[in-house]
Amino acid sequence: MVSHARWKLARDEKVAQGIAEDPEVERRREEISLAFDLGQAVYDRRTALGISQTELARRAGMTQPQVSKLELGGTVPTVPLLARLARAMEAMFRMELFESSIRVTFTDLDGTTPEEEARTEPPATEHASASAAEAEADAGAERTAATG
């Protein structure tokens with residue numbers, strides 16, 4: 001099986017040589033790329049929620065193998081299925097089209113993406129600060145004990 005990088009490199013070499021691709025091949029390539037992007041968006045949101053494929057399937061009225069196939073890019077879901085998935089993952093589905101690029105995401109209902117959530121730290125509280133200070137002191141004591 002040819003990896004995506006090798007496949008893209010071979011295509012880029014043909015384009016550089018002036019060899020045009022059949023329009024049907026290009027259309028199919030875009031469809032495959034969209035399927036992978038949609039699958040990745042579902043996977044990202046599901047893992048951000050910390051739920052299994054089985055749980056997502058239950059919430060969305062699907063089977064676990066259907067979720068797996070979707071996440072692997074094996075199918076392009078219909079709009080009604082995307083709506084069910086968004087509800088099941090308590091999210092908004094967004095698709096942004098620009099030039100030949102497509103970006104798909106499932107975002108929190110407040111509009112944040114999983115990537116933005118990962119960058120956002122929870123607000124500090126006195127208790128959390130005290131716990132952090134205690135943890136740092138414990139770590140320092142362990143390092144001292146380990147080094148003698």
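The values are calculated or read from the model by the stated rules, or taken from the named source; none is laboratory data. These figures come from a predicted structure and were not determined experimentally. Surface areas here come from the heavy atoms of the whole protein model, side chains and all, with no ligands, DNA or RNA. Shrake-Rupley method; radii C 1.70, N 1.55, O 1.52, S 1.80 Å.
So if each residue of separation counts as 0.36 nm, and I subtract the Cα-Cα distance between residue 33 and residue 76, what length gain in nm does that give? Don't skip to the end; give the middle numbers.
Values: separation 43, 0.36 × 43 = 15.48 nm, distance 0.98 nm.
Extra length available between residue 33 and residue 76 comes to 14.5 nm.
On full extension of the chain, what length is gained from residue 17 through residue 68, given 0.36 nm per residue of separation minus the C-alpha to C-alpha distance? Please report the intermediate quantities before stating the final value.
Working: separation 51, 0.36 × 51 = 18.36 nm, distance 3.85 nm.
Additional length available on full extension: 14.5 nm.
Heavy-atom accessible surface of residue 95, to the nearest 10 Å², is about 80 Å², with a 1.4 Å probe and all protein chains retained.
What full-extension length gain, to one decimal in nm, is calculated for residue 9 and residue 40 as 0.36 nm per residue of separation minus the Cα-Cα distance? Mind showing how you got there, number by number?
Values: separation 31, 0.36 × 31 = 11.16 nm, distance 2.21 nm.
This chain segment gains 9.0 nm when fully extended.
Measuring with a 1.4 angstrom probe and ignoring ligands and nucleic acids, residue 25 comes out at about 60 Å² accessible. Report in % the part of the accessible area of region 1-103 that belongs to carbon and sulfur, leaving out ligands and nucleic acids; probe 1.4 Å. After summing per-atom areas, the C and S share lands at 56 percent.
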